[in-house]
Amino acid sequence: MKLISVNVGLPREVTWKGRTVSTGIFKEPVRDRVMVRSLNLDGDGQADLTVHGGLEKAVYVYPFEHYDYWRSELPNTDLMLGNFGENFTTTGLKEEELNIGDRFEIGKVKLMVTQPRLPCYKLGIRFGRPDMVKRFLASRRTGFYFSVLQEGEVVAGDTLELVSRDDNNITVADITQLYTREKTDPELLHRAAQLEALPEGWRDYFQEQSRRQI
């Protein structure tokens, strides 16, 4: 498991559908060591803190393996690392293999998997495609978020080490499929609603869905 790119960017104003929008979706790779903090990376920022960033979304991760899929889906798009707004571009970490609550280390940095990424319209801004949000979610190639348990520095080329697996065995992909209702599994839905490593907003949503099935 490898960290192949570290990407950061500060919010900027862009024009989208005739109005000015502030967005932090534009990330670019950096070669130097970067400090990973509890809320984000040094040199990085989010425009709308009500839905982006925070303790449970400190680091957004996107698997490099997905880039081949998007190159075939978007043949006229010049894809560069960081294009999906990710802070870490990685190899060896896939949504269907990662449990919510899994813990990793990169050197002194300690991280925990918290949730999949649900895209907002600003992903469409990044690609210049209004349909990108729908296509992204439909692909199930969502990436995921880390919370930062211990701060420290990272650099492209570092190795990620799995420290512990969450024994609830609910994957990032499971959460996405429950949310989109692609997967109908009352028992899994109930377990997800009780999953402590999952942010409270997700648990509340699944608890409501579970009540509706009773």
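If the condition is being among the β-branched types (Val, Ile, Thr), within 27 Å of Pro11 (Cα to Cα) and out of contact with any Gly (no Cβ under 6 Å at 6 or more places or on another chain), then the range 75-114 contributes Thr77, Thr89, Thr90, Thr91, Ile106, Val113, Thr114.
Among the residues of this structure, Phe84 counts as one that is closer than 30 Å to Ala193 by Cβ, in contact with a Leu (Cβ under 9 Å, 6 or more places away or on another chain), modelled with pLDDT of 95 or more and aromatic (Phe, Trp, Tyr).
Residues of the range 98-154 that are basic (Lys, Arg) and under 26 Å from Asp78 (Cβ atoms): Arg117, Lys122, Arg126, Arg129, Lys134, Arg135, Arg140, Arg141. In this structure, does Asp185 turn out to be in contact (Cβ under 8 Å) with a residue 40 or more places away in the chain and either more than 18 Å from Phe144 (Cα to Cα) or among the charged types (D, E, K, R) (or both)? No, not satisfied.
Counting only helices (runs of 4 or more DSSP H) that sit wholly inside the range 80-197, those with at least 3 residues that are surrounded by fewer than 19 Cβ atoms within 10 Å (Cβ to Cβ) and not hydroxyl-bearing (Ser, Thr, Tyr) are 132-139, 186-193.
The selection criterion, being outside any helix (DSSP H, G or I) and of a type in the set (Phe, Trp, Tyr), does not hold for Phe206.
Among the residues that make up the range 58-65, is at least one of them aromatic (Phe, Trp, Tyr), under 21 Å from Val155 (Cβ atoms) and assigned to a loop (DSSP other than H, G, I, E, B)?
yes
Within the range 18-34, restricting attention to residues that are surrounded by 15 or more Cβ atoms within 10 Å (Cβ to Cβ) and out of contact with any strand residue (DSSP E or B) (no Cβ under 7 Å at 6 or more places or on another chain), the residue that is nearest to Met80 (Cα to Cα) is Ile25.
Table: residues versus (1) under 20 Å from Thr176 (Cβ atoms); (2) under 14 Å from the mean Cα position of the chain (by Cα).
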residue	(1), (2)
Ser22	no, no
Glu28	no, no
Met35	no, no
Gln46	no, yes
Phe64	yes, yes
Arg71	no, no
Pro75	no, no
Asn87	yes, yes
Leu98	yes, yes
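Within the bounds of the range 161-174, is there any residue that is more than 19 Å from Ala58 (Cα to Cα), aliphatic (A, V, I, L, M) and under 19 Å from the mean Cα position of the chain (by Cα)? Checked the range 161-174: at least one residue is more than 19 Å from Ala58 (Cα to Cα), aliphatic (A, V, I, L, M) and under 19 Å from the mean Cα position of the chain (by Cα).
The values are calculated or read from the model by the stated rules, or taken from the named source; none is laboratory data. Fair warning: this is a prediction, and the values are worked out from it, not measured in the lab. Don't worry about glycine lacking a Cβ; one is built from the backbone with ideal geometry, like all the others, and counts go over all protein chains shown.
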